[in-house]
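The values are calculated or read from the model by the stated rules, or taken from the named source; none is laboratory data. Note that the structure is a prediction, hence the values are computed from the model and not measured. Cβ atoms come from the backbone with ideal geometry, glycine included; neighbour counts cover every protein chain shown. Ligands, DNA and RNA are stripped out before the accessible areas are found, and what is left, the full protein with its side chains, is counted by its heavy atoms. Shrake-Rupley method; radii C 1.70, N 1.55, O 1.52, S 1.80 Å.
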Amino acid sequence: MSLAIATDGTTQRNWLEKLGAGHVILGVALVLYPLVASDFFLTQIGGYSLIFGMLGLSLMLLAGYGGMVSLAQITVAGISAYAIAILGNNNSNILGFGWPWWLAVPFAVLAAAVASALIGWISVRTEGIYTIMITLAIATATYYFAQQNYAIFNGHSGYAGIRAPAFWGIGWRDAKPFYYLCLGLAVLSYAAVLYGSRSTFGMTLQAIRDNPRRMRALGYHVTAHKVFAWLLSGVIAGLAGVLLVWFNGRVSPGTIGVDAAIDVLIIAVIGGLRHPIGPFLGALVVVLMQTFAIDIVGAERFNTLIGMVFLIIVFVSPDGILGLWGRIKPHLAQESLRPGP
Amino acid sequence: MQPPVTESLAANRLQSTGAYALELDGVARRFGALVALSGITMRIAAGERRAVLGSNGAGKTTLFNAVTGDFMPTSGRIRFFGEDITDLPPHERIRRGLRRTYQISQLFKGLSVLDSIFLACRGVSRRRFSLLRPAASDVNMAQAESILNAVHLDTYRDTLVATLSHGQQRQLEIALALAGAPRFILFDEPAAGLSPTERRDLVAILNALPKHIGYIIIEHDLDVALRVSEYVSMMHNGRLFKEGTPREIEADPEVQEIYLGGKHG
């Protein structure tokens with residue numbers, strides 16, 4: 001009996017050890033962030049980074065684990081955002097069914113997931129650059145369709161006056177609650193992807209990425225697994241779309257334009273596609289750049305500065321910030337092992 | 001005229017097992033004007049171990065592709081343990097117990113050795129899909145561990161496949177083919193690129209396979225092929241042109257002339 005207890009004690013790690021020191025420190029920092037941050041930093045930097053981090057995460061799931069690079073993630077988020085505007089309330093005097101948030105949000109996320117699965121079903125017949133081109137074509141077509149259709153998308157104007165709900169006595173549009181709402185959903189998505197990467201489905205997806213031919217030969221339905229990955233990715237992008245429309249208070253074709261589609265790709269590449277934390281790092285860098293570059297180099301040059309930073313990161317580390325950290329980490333470990341003077 | 005196919009060994013085995021593992025009747029495969037396989041008729045008993053030899057371009061790998069369903073034959077029928085599988089897709093053939101390895105390793109470079117074998121075991125099980133992490137008590141995980149030992153890769157269970165040596169990757173190829181409950185395996189040049197020590201290991205692994213598992217091995221290394229097979233089929237220009245025991249094939253002057261330069265033995 002005592003031997004069994006001793007064995008358990010030495011081999012089984014408690015939940016804190018399983019979580020890892022990095023996650024604990026990061027979690028505490030993110031929870032305490034509102035204590036030191038102004039409303040501007042809470043929403044425009046914190047909230048916005050978390051929303052775009054979730055969008056990048058939805059791409060990371062597809063590209064990092066499935067080998068499928070999509071430029072249609074913002075389109076999927078846009079479908080969810082439009083669904084919230086149409087099913088809930090807006091002040092554009094068109095549609096706006098007035099559904100409560102607890103009904104509109106699941107429907108919006110479901111619509112995004114189904115749309116994502118449909119895009120996936122179309123694009124899994126291709127590989128590499130052709131997947132990128134097909135998803136770009138779908139994103140562009142959706143943008144123009146939304147711009148030219150007034151019956152559903154209200155054309156160029158889109159929908160405005162969309163507000164985050166108030167429930168449990170909390171106005172979720174206020175800076176602090178909205179930040180925590182973004183943080184909660186981002187952590188949920190991150191944890192799900194991290195757990196899923198070691199699940200049977202996650203391993204299957206990575207094996208399909210490495211060698212679809214062999215997976216077919218082992219009895220797997222490769223197309224079905226890929227389409228299911230698109231569905232899961234659509235759920236994350238759909239949640240991000242809900243937060244995005246609550247954050248902006250509006251949604252229009254500009255929200256789902258090609259510029260935004262490329263932003264999501266840049267976020268994922270800058271952060272790194274090897275680990276779910278990468279897109280959040282990338283989103284923070286891009287949001288900081290988009291917010292403050294204009295103050296550094298002026299309105300005419302800020303996009304150039306953003307482009308330069310992107311080039312430098314990709315040139316120095318093709319694996320993004322995660323790759324850079326992966327190379328620095330062993331040196332830091334060696335420094336810490338070196339005896340002091 | 002095509003020589004008759006010798007079936008004495010298969011017939012003997014058939015008396016004890018009651019079924020052919022693999023029957024090919026006039027299997028042909030064309031790629032446009034190129035005839036890759038022509039009128040291949042072959043019967044292999046359950047548990048039989050056969051080598052298919054021939055020069056490059058003889059049609060050996062095309063024969064494998066036809067059996068596994070990677071390429072559908074242009075004509076002819078294929079039966080697996082009595083069932084006509086000619087029109088079945090590859091994954092359905094896998095589920096019936098047919099396995100193969102590849103001439104060039106087809107592995108999952110981003111996964112660990114154990115995870116790769118686990119997925120191979122899972123692929124032929126009924127519960128292939130799960131959003132949960134595999135439990136330590138998972139029957140597929142236990143089987144994966146056992147296969148890991150069988151192919152002498154137990155010390156590399158958590159190693160990333162991309163970091164394995166070529167020889168270890170060839171062993172993993174065999175491990176993937178052993179997953180599930182294989183009844184018949186097609187080995188495509190498993191000794192390619194292996195060192196002499198690794199070849200000895202390979203021979204040991206193949207000879208230690210359970211007796212009910214039959215196989216066909218394509219191998220250019222005659223030392224390996226003749227030591228792990230009971231019967232040999234020679235192919236040339238997409239046709240079977242001679243069959244016999246390893247001793248008969250080794251002593252055949254025509255085989256020596258064509259494939260061994262008349263100096264072997």
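General remarks:
- Most mobile listed residue (B:Gly59, B:Gly47, B:Gly82) in chain B, GNM with C-alpha springs under 10 Å: B:Gly82
- Segments A:34-42, B:175-183, A:15-23, A:136-144 sorted - mean Cβ within 10 Å per residue, highest first: B:175-183, A:136-144, A:34-42, A:15-23
- Cα gyration tensor shape of the protein assembly as shown, rounded if a/c is under 1.5, else prolate or oblate by comparing a/b with b/c: prolate
- Selection from B:Pro253, A:Leu185, A:Leu61, by position along the positive dipole direction of the protein assembly as shown (Cβ): A:Leu185
- Assuming charge only on the beta carbon of Lys and Arg (+1) and of Asp and Glu (-1), the dipole of region A:210-335 about its Cα centre is about 580 debye to the nearest 20.
- Each residue of region A:177-186 was assigned a 3J(HN,Hα) from its phi angle through the Karplus curve 6.51 cos²θ - 1.76 cosθ + 1.60 (θ = phi - 60°); the sequence is x, 5, 4, 5, 5, 4, 4, x, 5, 5 Hz, with glycine and proline shown as x.
- Förster-model FRET efficiency, 60 Å R0, B:Glu83 and A:Glu300, C-beta, rounded to 0.05: 0.25
- For the peptide B:156-167, the mean number of other protein chain Cβ atoms found within 10 angstrom of a residue's Cβ is 0.
- Dipole magnitude of chain A, debye to nearest 20 (Cβ charges: Lys/Arg +1, Asp/Glu -1, about Cα centre): 680
- Using just its DSSP H runs of length 4 or more, each adding -39500 (n - 2.57), chain B gives a mean residue ellipticity at 222 nm of -10000 deg cm²/dmol after division by all residues.
- Take each residue of peptide A:206-212, count the partner chain Cβ atoms within 10 Å of its Cβ, and average: the result is 6.
- Taking the DSSP beta bridges with both ends in the protein assembly as shown, the antiparallel portion is around 60 percent.
- Mean residue ellipticity at 222 nm, helices only, chain A: -23000 deg cm²/dmol; runs of at least 4 DSSP H residues each add -39,500 (n - 2.57), and the sum is divided by the number of residues.
- With a 10 Å cut-off around each Cβ of B:108-116, the average count of Cβ atoms from other chains is 5.
- Here the protein assembly as shown is treated with +1 on each Lys and Arg Cβ and -1 on each Asp and Glu Cβ, and its dipole about the Cα centre works out to around 680 debye.
- Ranking B:His166, B:Phe108, B:Phe129 by how far each Cα lies toward the positive end of the dipole of region B:106-182 (charges on Cβ) leaves B:Phe129 at the top.
- Helix A:129-148 axis versus longest C-alpha principal axis of chain A: approximately 30°, rounded to the nearest ten.
- Region B:188-242 and region A:170-214 have Cα centres spaced 47 Å apart.
- When chain B is described by a simple charge dipole with +1 on each Lys and Arg Cβ and -1 on each Asp and Glu Cβ, the residue from B:Leu88, B:Ile216, B:Phe184 located farthest towards its positive end is B:Leu88.
- Using a cutoff of 8 angstrom between alpha carbon atoms and counting only pairs six or more residues apart, the relative contact order for region A:230-341 works out to 22 percent.
- Gaussian network model of chain B, springs between alpha carbon atoms under 10 Å - residue of B:Arg157, B:Arg50, B:Arg128 with greatest fluctuation: B:Arg128
- Each 20 Å bin from zero up to the one holding the largest Cα-Cα distance in chain A carries the following percent of pairs: 28, 56, 14, 1.
- Sequence-separation-based contact order of region A:40-257, relative, with Cα cut under 8 Å and 6+ spacing, percent: 40
- Take the Cα of A:Ile170, step 7 Å toward its Cβ, do the same at A:Leu194, and the gap between the two points is 2.1 nm.
- Solvent-accessible surface (1.4 Å probe) assigned to A:Thr43 amounts to roughly 30 Å².
- Point-to-point label distance, A:Trp102-B:Met72, nm (Cα→Cβ direction, 7 Å offset): 5.4
- Förster-model FRET efficiency, 45 Å R0, A:His23 and B:Asn56, C-beta, rounded to 0.05: 0.25
- Over region B:106-182, the alpha carbon radius of gyration divided by the compact-protein estimate 2.2 N^0.38 Å works out to 1.01.
- Accessible surface of A:Arg250 - all protein chains present, 1.4 Å probe, nearest 10 Å²: 100
- Between 0 and 90°, nearest 10: helix A:277-297 axis offset from chain A longest Cα axis: 60
- Rounded to 10°, Cα long-axis angle of helix A:73-87 versus longest principal axis of chain A: 50
- Probe 1.4 Å, all protein chains present, accessible-area order of B:Glu248, B:Glu83, largest first: B:Glu248, B:Glu83
- Backbone N atoms of region B:162-200 closer than 19 Å to the 7 Å Cα→Cβ label point of A:Ala224 belong to residues B:180-181.
- For region B:137-205, the solvent-accessible area of protein heavy atoms averages 39 Å² per residue (probe radius 1.4 Å; ligands and nucleic acids excluded).
- Point-to-point label distance, A:Ala151-A:Phe41, nm (Cα→Cβ direction, 7 Å offset): 5.0
- Highest-fluctuation residue, B:Leu131, B:Leu98, B:Leu119 considered, GNM on chain B with Cα pairs under 10 Å: B:Leu131
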